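Participant: Got a structure for you, written out below as structure tokens; questions coming shortly.
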Amino acid sequence: MSELSFEQMLEESLKTIRTGEVVTGKVIDVKEDEIVLNIGYKSDGIITRSEYTNEPNVDLTGQVHVGDEMEAKVIKVNDGEGQVALSYKRLAADRGNKRLEEAFNNQEVLTAKVVQVLDGGLSVVVEETRIFIPASLVSDTYEKDLSKYAGQDIEFVITEFNPRRHRVIGDRKQLMVARKAAMQKELFERIAVGDTVEGTIKNVTDFGAFIDLGGADGLLHISEMSWGRVENPKKVFKAGEQVKVLIKDIQGEKIALSLKFPEANPWANAAEKYAAGNIVAGRVARMTDFGAFVELEPGVDALLHVSQISREHVDKPSDVLKIGQEIEAKIVDFNEADHKISLSIKAMAAQAREAEDEDVADVDIDAVANSDAE
């Protein structure tokens, strides 16, 4: 029986490896672009930067250290230079694929960081496996600019898994739709007409503001924004502001909101304040050919008819009055049921003249009395 040489005994003592096998080794050297592993084989194993990660220009010296133990997949037993070519990335991808397949089958919710924003969607990585989330599945509303998602952690489910074609598709939209549906159900179970709730202004239009109530949006119509008159909602409200609103009506999934709180209703105590005969001050708010509407306070307007502006003939209110002008007038009619008040400057002037005439008469009487006494 022939004796084996030292080299033959050494070679037999070392394990054999095959392409595709997973090996464990100890890091014996690290460079910026290469990791060297002692894998208990006659040759060392080499992991290049491109076989460590998909991220470009990563400095490997900051990722692993001499003495670390690592697992890797054999991609070539002899890389042409007598060393074993290994891949950490492919092993992670294999394991990632298995992990993603389980998540796909179980419809598990995954969380991952957006590593790239593409023209057609977002790219995330789970255990070295790239997942594509199309733009149409990023949100439940259309978003033209997806750049805000860069670097963010987002949740999604896998709706298509085909590792052979390197096609793994994620869906964030269905999670948002499901959560909003749950929130909407909870909201409608909680609110009722007459409730005061808090919401966030979502967007403002010429006719009103849409307010997010947490599960559903409500419409605050321009006519419900104040007891007074609002000309332009965009000058009063801004998106993102928090507001407390009154639930005015609920019709199916439509919610009508109001800022006309009953306790602030200016007509609640108007009967005494604006009784016929009272002299009041107000601001000319708007004009028509037949008269001017005078704001006595926010939510309370009175009509000053063109015939009641002056004892002199007035063709149209704008000949005498200006928008924003402060005036005084006498209340000649108060209709609480219809919220109508009629004013008259002419009647106030007549009342003032009557008072002056009475004063003059009193002076004349006093003068006669004094004369008779003498």
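Participant: Can you pull the accessible area of Ile169 for me, 1.4 Å probe, Å² to the nearest 10?
Facilitator: About 20 Å², rounded to the nearest 10.
Participant: Another question about this same structure. Provide the per residue accessible area, probe 1.4 Å, for the chain, rounded to a whole number of square angstrom.
Facilitator: Per residue, the chain has 60 Å² of solvent-accessible surface.
Participant: What percentage of the solvent-accessible surface of the chain, computed with a 1.4 Å probe over protein heavy atoms, is contributed by carbon and sulfur atoms?
Facilitator: 48 percent
Participant: Now for a different question. Okay, helix-only estimate at 222 nm for the chain: each DSSP H run of n ≥ 4 adds -39500 (n - 2.57), divide by all residues, round to 500 deg cm²/dmol; what do you get?
Facilitator: For the chain, the value works out to -7000 deg cm²/dmol.
Participant: Right, next: Counting only the heavy atoms of the protein chains, how much of His221 is accessible to a 1.4 Å probe, in Å² to the nearest 10?
Facilitator: Around 70 Å² of this residue is reachable by solvent.
Participant: Also: Could you work out the relative contact order of the stretch 210-270, using alpha carbon pairs under 8 angstrom and six or more residues apart, expressed as a whole percent?
Facilitator: 36 percent
Participant: Quick one: order Ser136, Ser43 from most to least accessible surface, probe 1.4 Å.
Facilitator: Final ranking, largest accessible area leading: Ser136, Ser43.
Participant: Would you check the accessible area of Asp319, probe 1.4 Å, heavy atoms only, in square angstrom rounded to 10?
Facilitator: 90 Å²
Participant: Over the stretch 123-206, what is the mean sequence separation of C-alpha contacts under 8 Å (at least six apart), divided by residue count, expressed as relative contact order in percent?
Facilitator: Relative contact order comes out at 26 percent.
Participant: Calculate one ³J(HN,Hα) per residue across the stretch 151-164 by plugging θ = phi - 60° into the Karplus curve 6.51 cos²θ - 1.76 cosθ + 1.60, and present them in order as whole Hz with x for glycine and proline.
Facilitator: x, 7, 7, 10, 9, 6, 10, 8, 10, 8, 10, 9, x, 5
Participant: Here is a follow-up. If DNA, RNA and ligands are ignored and the probe is 1.4 Å, what is the ranking of Arg165, Arg99 by accessible area, most exposed first?
Facilitator: From most exposed to least exposed: Arg165, Arg99.
Participant: Order the following by accessible area, largest value first: Val236, Val300. Probe radius 1.4 Å; ligands, DNA and RNA are ignored.
Facilitator: Val236, Val300
Participant: Work out the FRET efficiency for Ser123 and Glu186 from their Cβ-Cβ distance, taking R0 = 25 Å, and round it to the nearest 0.05.
Facilitator: 0.15
Participant: Can I ask one more? Return the long-range amide H neighbours of Gly228 (sequence gap of 5 or more, or a different chain), with a cut-off of under 5 Å between placed amide H atoms.
Facilitator: Gly299
Participant: Relative contact order of the stretch 43-152, please, whole-number percent, based on alpha carbon pairs below 8 angstrom and at least 6 residues apart.
Facilitator: Once normalised by length, the contact order is 21 percent.
Participant: A further question follows. Can you pick out the pairs among Lys113/Lys185; Lys144/Lys235; Lys113/Lys173; Lys180/Lys235 whose Cα atoms lie more than 21 Å from each other?
Facilitator: Among Lys113/Lys185; Lys144/Lys235; Lys113/Lys173; Lys180/Lys235, the Cα-Cα distance tops 21 Å for Lys113/Lys185; Lys144/Lys235; Lys180/Lys235.
Participant: With label points built 7 Å along Cα→Cβ from the Cα atoms of Ser318 and Thr19, find their separation and express it in nm.
Facilitator: 9.0 nm
Participant: Apply the Karplus parameterisation 6.51 cos²θ - 1.76 cosθ + 1.60, with θ equal to phi minus 60°, to every residue of the stretch 110-118 and state each ³J(HN,Hα) to the nearest whole Hz, in sequence, with x for glycine and proline.
Facilitator: Ordered by residue, 3J(HN,Hα) equals 9, 10, 8, 8, 6, 9, 7, 9, 9 Hz.
Participant: Apply the Karplus curve 6.51 cos²θ - 1.76 cosθ + 1.60, θ = phi - 60°, to the phi angles in the stretch 130-139 and return the couplings in whole Hz, x for Gly and Pro.
Facilitator: Each residue of the stretch 130-139 in turn: 7, 10, 9, 10, x, 3, 5, 10, 7, 9 Hz.
Participant: Moving on to the next point. For the stretch 178-318, take N as its residue count and report Rg(C-alpha) divided by 2.2 N^0.38 Å.
Facilitator: Output field value: 1.37.
Participant: For Lys234, what is the net charge nearby, where nearby means another residue's Cβ is under 14 Å from its Cβ and Lys, Arg count +1, Asp, Glu -1?
Facilitator: Here the charged neighbours net out to 0.
Participant: Could you tell me which residue out of Phe290, Val320, Asn265 lies farthest along the dipole of the stretch 208-324 toward its positive end? Charges go on the beta carbon: Lys and Arg +1, Asp and Glu -1, centred on the Cα centre.
Facilitator: Val320
The values are calculated or read from the model by the stated rules, or taken from the named source; none is laboratory data. All figures in this text were calculated on a predicted structure; none of them were measured in a lab. Here Cβ is always computed from backbone atoms with ideal geometry, including for glycine, and neighbour counts include all displayed protein chains. Surface areas here come from the heavy atoms of the whole protein model, side chains and all, with no ligands, DNA or RNA. Shrake-Rupley method; radii C 1.70, N 1.55, O 1.52, S 1.80 Å.
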